[in-house]
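Only one structure is covered here, and it is reproduced in the block below.
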Amino acid sequence: MKTTAHVDEIAHGRVLEVNLHGKLAQRDFDQVVPETERLIERFGKIRILVTLHDFEGWDLGAVWEEIKWEAKHFYHVERIAIVGDSRWHRRMASLCGSFTTARVRYFHLDSLDQAYQWVDA
């Protein structure tokens with residue numbers, strides 16, 4: 001499966017929606033990071049909704065980019081909603097909370113509407 005990182009800005013502006021498929025590679029951050037940087041510059045603090053579709057994790061380059069981004073923006077993210085459909089997605093959400101000051105919450109794919117409401121509340 002081809003890796004894609006699709007980025008959409010949701011209506012209220014400060015919420016960034018990221019849909020992930022396959023295995024995240026370092027090159028995928030070239031698409032995601034500029035959008036997050038722009039939103040942080042505009043709003044100061046943002047919220048992120050991550051939807052995992054057949055997500056297989058990160059390659060080493062992507063892990064390094066993720067660590068650098070999280071260190072730089074430790075205080076710039078208020079909420080992160082992680083939406084997935086497997087146990088390891090839920091565990092990933094729990095682990096994610098250790099690396100940010102953001103409130104992090106996991107939602108199952110069938111609760112996507114609740115995730116949107118929570119992240120934008």
Subtracting the Cα-Cα distance of residue 19 and residue 87 from 0.36 nm times their residue separation yields 22.7 nm
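For region 4-120, count the residues as N, evaluate 2.2 N^0.38 Å, and divide the Cα radius of gyration by that value, please. Walk me through the numbers before you get to the answer.
Working: Rg = 12.9 Å, N = 117, 2.2 N^0.38 = 13.4 Å.
Normalised Rg, Cα atoms only: 0.96.
Using the count of nearby Cβ atoms within 10 Å as a rough guide to exposure, how do 101, 51 rank from fewest to most?
Details: 101 12, 51 21.
Lowest to highest Cβ neighbour count: 101, 51.
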Any residue on another chain or 5+ positions along whose placed amide H is under 5 Å from the amide H of residue 51 is listed here as 18, 19, 20, 83
Amide H neighbours of residue 104 under 5 Å, at least 5 residues apart or on other chains, H built in the peptide plane: list them. 80
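Would you order 29, 74 from fewest to most other beta-carbon atoms within 10 Å of each residue's own beta-carbon? Don't jump to the answer; show the numbers that get you there.
Details: 29 20, 74 12.
Sorted ascending by nearby Cβ count, the order is 74, 29.
Under 8 Å for C-alpha pairs, at least 6 residues apart: give me the relative contact order for region 4-120, rounded to a whole percent.
On the way: 219 pairs, mean separation 28.6, N = 117.
RCO, region 4-120: 24 percent.
Which trypsin sites (Lys or Arg not before Pro) in region 38-121 sit in a loop by DSSP (not H, G, I, E or B) and have at most 16 other Cβ atoms within 10 Å of their own Cβ? Present the calculation step by step, with values, prior to reporting the outcome.
On the way: sites: 38, 42, 45, 47, 68, 72, 79, 87, 90, 91, 103, 105; in loops: 45.
Those satisfying the criteria are 45.
Quick one: putting +1 on the C-beta of Lys and Arg, -1 on the C-beta of Asp and Glu, what dipole do you get for region 4-120 around its Cα centre, in Debye to the nearest 20?
Values: 15 positive and 19 negative charges, 104 e Å.
The calculated dipole for region 4-120 is roughly 500 debye.
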With a sphere of radius 15 Å drawn around the Cβ of residue 44, what net charge do the other residues whose Cβ falls strictly inside it have (Lys, Arg +1; Asp, Glu -1)? +4
Going from the fewest other Cβ atoms within 10 Å to the most, one would list 21, 53, 76 as 53, 21, 76
First measure r as the distance between the Cβ atoms of residue 37 and residue 120, then evaluate 1/(1 + (r/R0)^6) with R0 = 25 Å and state the FRET efficiency to the nearest 0.05. 0.75
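Values in this text are rule-based calculations from the coordinates and carry no lab data. What you see is a predicted model; the values in this text were computed from it and never measured. Cβ atoms come from the backbone with ideal geometry, glycine included; neighbour counts cover every protein chain shown.
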